[in-house]
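The values are calculated or read from the model by the stated rules, or taken from the named source; none is laboratory data. Bear in mind the structure is a predicted one, so any value in this text is a computation, not a measurement. Cβ: placed from backbone, ideal geometry, glycine included. Neighbour counts: every protein chain shown. In case anyone asks, the SASA skips ligands and DNA or RNA and just uses the protein heavy atoms, side chains included. Shrake-Rupley method; radii C 1.70, N 1.55, O 1.52, S 1.80 Å.
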Amino acid sequence: MSLTEEQVQQLKGLTDSEVIDRQKKEGFNELPSSKKRGIFHIAFEVIKEPMFLLLVACGTIYLLTGEIIDALLLLGFVFVMMGITIYQEGKTENALEALRDLSSPRALVIRNGERVRIAGREVVRGDIMFLTEGDRVPADGILLWGMNLTVDESLLTGESVAVRKSPGDDDPEEMAMSRPGGDDLPSVYSGTMVVQGQAVALVRSIGFYTELGKIGKALQSVEQEETLLQKQTNRLVRGIFLFAAILCVCVVVITGLVIKDWVQGLLNGLTLAMAMLPEEFPVVLTIFLALGAWRISSQRVLTRKMSAIETLGAATVLCSDKTGTLTQNRMSIRRIYAHDKFFDIADREQKPLPEDFHVLVEYGILASKKDPFDPMEKALQKLGEIKLSHTEHLHSDWELVREYPLSRELLALSHVWVSPEHDEYIISAKGAPEAIFDLCHLPAREIEHLSQKVEEMAKRGLRVLGVARSFIHGKKLPDIQHDISFEFLGLIGLEDPIRPTVPNAIRECYDAGIRVVMITGDYPVTASNIAHQIGLDNPDEVITGNELEKMDPVLLQERVKHVNVFARVVPEQKLYLVNALKANGEVVAMTGDGVNDAPALKSAHIGVAMGERGTDVAREASSLVLLDDDFSSIVSAVSVGRRIFDNLKKAMSYIVSVHIPIAGMSLIPILLGWKEGVLLPVHIVFLELIIDPACSVVFEVEPGSPTIMKRPPREPGEPLFGRRSLTFSVLQGIIALAAVGAVFAYAIKSGRNDDAARTLAFVTLIFSNLFLIMTNRSWSTTIFQSLKVKNSALLWVLGGTLLFLGLVIFVPFLQEIFHFTNVMWYDLLIAAGAGMFSVVWFEIVKIIATNRNVVLLKDRK
């Protein structure tokens, strides 16, 4: 039931007592905070993870064996990783905080018969709120009165074009709230923006009960999944931990029973545990992801969740919102029509506007506000500044004396101007083409002809406006604009242009085997047109939100395998689509910038938010943020993710292979009757804390393959350690162990003492370690070929390791600590040569595999 202006002036609103009573019963107009977990609660959950338990166990072992510095180092890693995890656990609370800030603007309401401005959180159900251009709507409500009201609901619907609002005919307290989107509806929604006009509305819903609040509920209910890499690493660590624990217990028991020395047995068991427990795995994972985040930050990509970088390398589907992501979220004039001919603006930006089109643009500007807020009026003003700035067609000195607002019955508005040079009213009108035809009283044949032109423009995905003008000399203005005799001037076609970098980025995604899906709240014809412009596959097959609602999950899962364009989709349906893709086994990345994207961003394996135009909600719910909103940066992130996974597999393979000779030389002598192993705790500390972390850096900085973005994504279930890579890693370790054991046996057989034999075995182990690094840099090229590829960390690792090796072999003080002794130079050459030859077999395997086009590093799930 629409009120008159006089009735609006008589509204009294709620009293203070009514407001207090409703706030006590219904709460404040904000999203209530979910109960936050304390830091100790989160920390307790973190330390239950196997990776953290292993780090604590290793640190404790070092502590018990007297290696205080090493113990503190590993325990320090525990606290660093705990801090990172605690930060990630707070993401949901941060997203809800951002929603709360957005949903609580200032509000102008009537209280006790007076207009008062209050904090948005103090609005209650039943308040009378005033809305004007530039306001953010503080709560969901029903219009009581409105004049020329248009609202930008893109935060809720994804539509870039503002929608008209009109009061309904029914009782506003009984009228049902409609869904966001669509013209001439009486409902307004919290968090949306008034771009034009004025209105008075009755508040119907606040807080969690608004449309914005429902998105907050959806965001709160989405559970974040453990990433694939975390699951695989956890499984690997648990398996090695179980095997090591059993073996260590066996060593303690065997030593105690055989030599009757349980204390030495315990020390041997702890030494073997130090050799086998893979504390490097979580450390290497953290290093790789942290350095990966640092690397892509230089490309203006912010990493909010480090593990998402790796997951992005496995992405098979990229779901993108249209508005503000694929398009620029701003209207621009693409094509105009006057005097029975078209003029394409975008194709001729450097050329002057032909004289035949000057009047059309002039009166389009006159039908807009001088300081416009509406995107379409901004586009008209910009065109005038560019094309008409040195002509007589811009009128900054004219005075606006009356407005005829747009209405449901006539989708056009008119502005009446007075010029200092003329004694007449100059009237400009713009609106829907059919409304302008009506105002101009055009004959049927001309309307048919112009309608064909409108259809031609609409097929290009343009929003079409008609423009007309009239002159009235010295008489009273009519009460309604339909009584004015207008002259038709032409048509203006506007579009929300695509980002210029998007088509090329789409092509790169296809080259990388990544499917791109567009999910938008816009109309099907517009979505299809944009899909054509950006080069999306299958752009003409579109599924709408209404069609999607009627599909059962099985049918939807089948349809999403082929359809790439989804139009008129509401936020809940975006989440539904992402989940359907995930159910098909896809690794889903979702880009977006609005509040409406947040639940889908959080549900997707990788949420990618826009940094410049994105809302706080989208950024807080995402894993990656494109700081410059450049869609093409996603391709760079994919490349980094793929490189990280490849290099991580190489690093993990190296860690497994190098632990086998370390553990073997700690275990085998004991099984052969020695009181203690060849390697003592100090040797293992040397290997673990100098070589292994350094090698993590070597593999992390290793450049990606030149064809890394020309191959399809790895299979979603491809393990970090599959049968093939694990087999080769174990073989590398066994053969290295054989080389070390052979040198050790040679030393014993040739009469060297225990310390000399230990020295040569250790030198062999170090050299086999270094050659394992070099052979694992690439599983497709030989060591000599890979040395041509620059790796800044490799020389430092090689030089530093050899330097420390020389010190512990030749410096008496260090010799004593390491239980070494002086050995002959030719013995050192034999040890070094054995270490080098331990990897020759794998170099031969790589050559054979390359000739047969076999990818050694690729595992099947």
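The table that follows gives values for the structure above.
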{"quantity": "Loop sites in segment 128-210: GluC sites (Glu not before Pro), DSSP, at most 14 other Cβ within 10 Å", "calculated": "173, 174"}
{"quantity": "Segment 465-606, accessible surface, carbon-and-sulfur percent (1.4 angstrom probe)", "calculated": "52 percent"}
{"quantity": "Kirkwood-Stokes translational diffusion coefficient of segment 327-452, alpha-carbon pairs, 4 °C, 1.567 mPa s, µm²/s", "calculated": "82 µm²/s"}
{"quantity": "Protein accessible area in segment 115-156, 1.4 Å probe - carbon and sulfur %", "calculated": "45 percent"}
{"quantity": "Of all accessible heavy-atom area on segment 311-458, the percent that carbon and sulfur account for (1.4 Å)", "calculated": "49 percent"}
{"quantity": "Rounded accessible area per residue of segment 353-395, 1.4 Å, Å²", "calculated": "45 Å²"}
{"quantity": "Packing-based order for 123-130, 530-537, 846-853, using average beta carbon neighbours within 10 Å, highest first", "calculated": "123-130, 530-537, 846-853"}
{"quantity": "Heavy-atom surface of segment 753-861, accessible at 1.4 Å and reported per residue (Å²)", "calculated": "52 Å²"}
{"quantity": "Burial ranking of peptide ranges 597-608, 359-370, 19-30 (average Cβ count within 10 Å, highest at the top)", "calculated": "597-608, 359-370, 19-30"}
{"quantity": "Karplus-derived HN-Hα couplings along segment 361-366 (A = 6.51, B = -1.76, C = 1.60, θ = phi - 60°), whole Hz, x at Gly and Pro", "calculated": "5, 4, 7, x, 5, 5"}
{"quantity": "Dimensionless Rg over Rh [segment 129-175; C-alpha; Kirkwood]", "calculated": "0.95"}
{"quantity": "Entries in 12/165; 351/382; 341/453; 574/602; 378/430 that, when Cα-Cα distance is taken, lie over 18 Å", "calculated": "12/165"}
{"quantity": "Order of exposure, largest accessible area first, which applies to 582, 475 with probe 1.4 Å", "calculated": "475, 582"}
{"quantity": "Kirkwood estimate for segment 441-542, i.e. one over the average of 1/r between Cα atoms, Å", "calculated": "17.1 Å"}
{"quantity": "Protection-proxy order for peptides 794-802, 443-451, each taking the mean of Cβ atoms within 10 Å per residue, highest first", "calculated": "794-802, 443-451"}
{"quantity": "Largest to smallest accessible area among 157, 132 [probe 1.4 Å]", "calculated": "132, 157"}
{"quantity": "Long-range amide H partners of residue 623 with built H, under 5 Å", "calculated": "607, 608, 609"}
{"quantity": "Karplus-derived HN-Hα couplings along segment 7-24 (A = 6.51, B = -1.76, C = 1.60, θ = phi - 60°), whole Hz, x at Gly and Pro", "calculated": "5, 4, 5, 8, 5, 9, x, 7, 8, 4, 5, 5, 5, 4, 4, 6, 5, 5"}
{"quantity": "Amide hydrogen neighbours beyond the local backbone of residue 195, cut-off 5 Å, H modeled", "calculated": "134, 150, 151, 152"}
